[in-house]
1. Of the conditions (1) farther than 18 Å from Pro190 by Cα; (2) over 14 Å from the mean Cα position of the chain (by Cα), Ile95 clears all except one; give me its number.
2. Just to be sure before I move on: is Gly209 touching a residue at least 60 places away in the same chain (Cβ under 8 Å), on the phi > 0 side of the Ramachandran plot, within 16 Å of the chain's Cα centre (by Cα) and outside the structural domain of Ala51 (by TED's automatic domain parsing) in the structure I sent?
3. Every residue in region 171-211 that is modelled with pLDDT under 90 and of a type in the set (Gly, Ala, Ser), please.
4. Take Ile123 and tell me if it is surrounded by 21 or more Cβ atoms within 10 Å (Cβ to Cβ) and at pLDDT 95 or above.
5. Among the residues of region 178-192, how many are surrounded by 12 or more Cβ atoms within 10 Å (Cβ to Cβ) and outside any strand (DSSP E or B)?
6. Any idea which residue in region 35-56 is nearest to Lys119 (Cα to Cα), counting only those that are surrounded by 18 or more Cβ atoms within 10 Å (Cβ to Cβ) and without any contact (Cβ under 8 Å) to a residue 40 or more places away in the chain?
7. Please work out if Asp168 is modelled with pLDDT of 90 or more, outside the structural domain of Asp47 (by TED's automatic domain parsing) and loosely packed, with under 15 Cβ neighbours inside 10 Å.
8. Before we move on, is Thr103 of a type outside the set (Asp, Glu) and within 24 Å of Gly163 (Cα to Cα)?
Amino acid sequence: MSLSMQRAARPSTTPSVAEFHARLDAVLPLVESRAAEAEAQGYLTDDVVAALRKAGIYTMLFPREVGGAELLPYDAMTVIERLAYTHASAGWCAIGNNMEGTTLAIYVEDEGIKKVFAKGADITIAGNGVPRGFARPVDGGYMIRGNWAYGSGIQHAEWVHSGCFVTDASGKDMVFGPNGQPKIVVTHHPRATIKLMGNWDVLGLRATGRELAPVVWTAPRWI
């Protein structure tokens, strides 16, 4: 665990799974009332996302060191199960944010922790860790480019994670390890560095808003 995470302010108490179920009880009527609108527009409505964030549903699994509740995975899934029963797309986006944000909190370097979690655990993140782009090493991180698909909840994301094949400093040749496999990193960068293509056209889970998200040589980011 990174040094800055250890130094981060830790909440004196964290909500129990029972508290999260109680918070969900208060939010579910709104989720259900907005479900049809969300499915029609292709992503969750702003008020639903705001309510779920306020209730802490998006960050239940985040480590305590960054202000999360760090629920046991089973306990968190009992909450997500009820949310998904009410609106499957809402449940999908909530567990996606939990998974990706937890991964970010565990693996990101100190500089990234200080930046991403400067105001606490309440962040939104989306993206695709499958390497569909390229990362060129530069001072302070990587410059990345590529096209990624399936970033659930991307419309409301503040941060994006993107899997990349590492290249040499020229950006032309991929780097391979001693076993002959390409080197891969998962980068994290602000939502402002991507462009959504508006091409999410599916039969189910329409409100997850998973679109192609291309990036062309962003500024240095943390792995």
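1. Checking Ile95 against (1) farther than 18 Å from Pro190 by Cα; (2) over 14 Å from the mean Cα position of the chain (by Cα), the one that fails is (2).
2. The answer is yes for Gly209.
3. Selection gives Ala192, Gly198, Gly204, Ala207, Gly209.
4. So Ile123 fits the description; yes.
5. Here the count works out to 2.
6. Ala55
7. Yes, satisfied.
8. When the stated conditions are applied, Thr103 passes them.
The values are calculated or read from the model by the stated rules, or taken from the named source; none is laboratory data. This is a predicted model, so every value here is computed, not measured. Note that each Cβ is placed from the backbone with ideal geometry, even for glycine, and that neighbours are counted across all protein chains shown.
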